[in-house]
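See structure below.
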Ligand code: MN
């Protein structure tokens, strides 16, 4: 596709001269960077970034996102430096390309339980909702051209990753249409035989079902109009294949029950008309109990709104109905990106009375709207994905994701790995640096827990633990030791400050001294005096009878100790 053809396409999608002038340099740069590269299909490589950018443009994203979509593979495939992109296209586009390149590294590790964490990690790494949308469109185009991968193993792995990571992400963003497409593209790759059988069965039933729906449509239309509801559209839906497949598995392969399901969508003018249509349908045909769902009053977490009902229609056939407004229909297709589209057409959205039901998807797009006219930095900050703001995603040194609530400390982290690790923790490192037990962890940090056999948990850890898992494990250990939480009060809180010559194993030696004295360290803080000396502050409780001099003598015996000070604290 030449620039002239591409330009024409973007114009059709509603982009103006000014936008095109902003996008052109990225188009030319990408075209040149990929000029000697071919896709597996034999086509010039540039066809891929062009396709991805057009998908992005269909969602009416800004020119930075479209430029980034054009450039999204130049770093990975052609070794173009991020710095080069920064100089040529500015920070915003360079950031988007870098983030798209980075999320490619978030891989499915085959840890089943980590799947949800993985999706969150992906979102956290993406940082900006536009990155997630570009990545989804990239995956969509790769899935559409997956047949050209010659190795079946590789095709399968990509399809599995699509089902595990990308389709649920699209769903979370309310991009239902994209989710359905991704699933239907992955389905035949993973379940070859099943797919074949299912499409054959469906073809057999299709004619009969289409005839039935054809007859039903004018009946529905007439009945609605009689009650002054004018439908904008009545569509028969073909459920997407993968969802039929999932239903079959759920109903243990009762083909007739699932494949006979006729489905119809009614799009009307207003929310009032949605409810009236529902009433009209129920007057005509008996609804199936338990199948009426009001996602208008209670939208799904991804923002999806609609009324659903299943009725015993003419000839006692079961028919599924979805009833929604134009706006809801658009949102179901475009999800979070629907709001950019609204921006472009200048149409106002969301009636105020529904605002209290807004999901995070809406909150996010509301932020985006509020940022209009704000500075570039402010917009970037607002677009940072902190809709998981109450969760943080940390990593073990091996790269496993540990998903914790905000405010979690190394104590939580240790117990979330294993209770043995928690019970014997004597120190914690974040990104290679020692931190106190009370340290608040941040997303993206790598946390390493140091353990020692005779180290025991302290009752004071209960103040640092944020998760109930960690709290329960600490309590159960204290119970086994016969320490009640209330004995905490009978003990004096102490602080020992030592200044020592730094060396390997220093902390471990101190930790052993405390263990011998029967003292459980509550917290340890570090301060590098200079490159040779370390200041360490141990916080602990001791029985009132225990003499400070005894502790002093014991600590002094540790090699490298220069000065010690002990004091009582409140
Ligand atoms: Mn790509």
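Details
- Restricting 525, 531, 508, 570 to those that are assigned to a loop (DSSP other than H, G, I, E, B) and either touching a residue at least 40 places away in the same chain (Cβ under 8 Å) or in contact with a strand residue (DSSP E or B) (Cβ under 6 Å, 6 or more places away or on another chain) (or both) reduces the list to 570.
- Residues in region 12-50 that are part of a helix (DSSP H, G or I), crowded, with 19+ Cβ neighbours inside 10 Å and within 16 Å of the ligand (Cβ to nearest atom): 26, 27, 29, 30, 31, 33, 48, 49, 50.
- Of all residue pairs spaced 6 or more apart or on separate chains, those with beta-carbon atoms under 7 Å, a first member in region 254-278 that is more than 14 Å from residue 326 (Cα to Cα) and a second member that is modelled with pLDDT of 90 or more and part of a loop (DSSP other than H, G, I, E, B) are 276/227; 276/229; 277/229.
- Candidate set: region 415-469, residues that are touching a residue at least 40 places away in the same chain (Cβ under 8 Å) and part of a helix (DSSP H, G or I); chosen: the one surrounded by the most Cβ atoms within 10 Å (Cβ to Cβ): 461
- Listed here are the helices (runs of 4 or more DSSP H) enclosed by region 136-234 that have at least 2 residues being more than 16 Å from the ligand (Cβ to nearest atom), farther than 30 Å from residue 72 by Cβ and over 24 Å from the mean Cα position of the chain (by Cα): 192-226.
- All positions within region 1-11 that are over 17 Å from residue 69 (Cβ atoms) and not in a helix (DSSP H, G or I): 2
- Qualifying position, being modelled with pLDDT of 90 or more and under 30 Å from residue 303 (Cα atoms), among 428, 381, 408: 408
Quick grid of which residues meet (1) over 24 Å from residue 439 (Cα atoms); (2) under 41 Å from the mean Cα position of the chain (by Cα); (3) at pLDDT 85 or above:
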position	(1), (2), (3)
498	no, no, yes
509	no, no, yes
514	no, no, yes
517	yes, no, no
523	no, yes, yes
543	yes, no, no
558	yes, no, yes
569	no, no, no
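- Inside region 252-273, residues that are touching a helix residue (DSSP H, G or I) at 6+ places or on another chain (Cβ under 6 Å) and not in a strand (DSSP E or B) make up a count of 2.
Here's the yes/no breakdown for (1) more than 15 Å from residue 24 (Cβ to Cβ); (2) assigned to a helix (DSSP H, G or I); (3) touching a residue at least 24 places away in the same chain (Cβ under 8 Å):
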{"site": "61", "(1), (2), (3)": "yes, no, yes"}
{"site": "83", "(1), (2), (3)": "yes, yes, no"}
{"site": "87", "(1), (2), (3)": "yes, yes, no"}
{"site": "96", "(1), (2), (3)": "yes, yes, yes"}
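- Taken over region 53-66, residues that are within 15 Å of the ligand (Cβ to nearest atom) and under 18 Å from residue 8 (Cβ atoms) amount to 5.
The values are calculated or read from the model by the stated rules, or taken from the named source; none is laboratory data. Keep in mind that this is a model prediction, so the values were computed, not measured. Here Cβ is always computed from backbone atoms with ideal geometry, including for glycine, and neighbour counts include all displayed protein chains.
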